[in-house]
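Okay, so here's the structure we're looking at.
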Amino acid sequence: MASSRLPGKPLADIHGVPMVVHVWRRCREADIGPVYVACADREIVAVIERVGGHAILTDPALNSGSDRVHAALEVVDPAGAYDTVINPQGDTPSLEPGLLRALLAPLADPAVDIVTMAAKITDPHEIIDPNVVKVALERTADPAIGRALYFSRLTIPSGDGSYYHHEGLYAYRRASLRRYVALPPSGLEQTERLEQLRALGAGMRIDIAIVPALPWGVNTPADLERVRAMMKPR
């Protein structure tokens, strides 16, 4: 709710529905498990409960989305019945439910700790835009899966080839998430301001679900107007 560029962002109106409710609905449409909203604001809890959903109020002082998801998961499932959790972002109301299912495929390999998402960059301006996080990845035998080697706001990799735009949707093995949130912040994580570098620095494996297009994230008033124009009322 305290977003500096778009105050009150989670409750921003999109065709009569708060943004976070749009995301909650897309997650339910994926039909791959129960859906909970992890948040730090009672206003969000009230909105989600009003539409029949479940929200977990977490400590506002938590440092990252991963910490918040872990805290909520320990409340929802203290016995550890679920071994996988997916963390979409609450500011991606145009999220396609199929993207959440795509995050599960790389976890078929037991060596994978975390899965996130990327799409090939087609706009040359994004290649040099520091607000667009790039991932250097090694392709695998499966054309829809890559292995992450590094993430940066700079243009990576150098030279000719494809560039991939990373989006912060994550699927974690339960044990990997527990290990990750116990790690201290790393130097590269703080330099790049990218929390996933903490996991790579600790030797954890992150695979990439390569998708045709990423959901449009809302960070500014202009982004909000664009999403309103993109999305049709339901």
Antiparallel bridges, percent of DSSP beta bridges restricted to the range 96-214 (to nearest 5)
75 percent
Test of understanding: ordering Ile56, Ile208 by Cβ neighbours within 10 Å, fewest first, what list do you get?
Ile56, Ile208
Neighbour-count ranking [beta-carbon atoms within 10 angstrom, fewest first] of Trp24, Trp216:
Trp216, Trp24
Which of these, Glu96, Glu49, Glu167, has the largest mean-square fluctuation under a Gaussian network model of the chain (Cα springs below 10 Å)?
Glu49
Just to confirm my numbers, what's the Cα centroid distance between the range 183-226 and the range 1-66 in Å?
19 Å
Over the chain, calculate the relative contact order: mean separation of alpha carbon pairs under 8 Å at least 6 apart, over the residue count, as a percent.
23 percent
Please check: in the Gaussian network model of the chain (C-alpha springs, under 10 Å), which one of Pro215, Pro93, Pro60 has the largest mean-square fluctuation.
Pro60
May I ask for the net charge around Pro124, where only other residues with Cβ less than 14 Å from the Cβ of Pro124 are counted and Lys, Arg are +1 while Asp, Glu are -1?
-2
Taking neighbour Cβ counts within 10 Å as the exposure measure, how do Ser64, Ser94, Ser176 sort from fewest upward?
Ser64, Ser94, Ser176
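No lab work stands behind these numbers, since they all come straight from the coordinates. These numbers come from a predicted model, not from an experiment. Cβ sites come from the backbone with ideal geometry, for glycine too, and all protein chains shown count toward neighbours.
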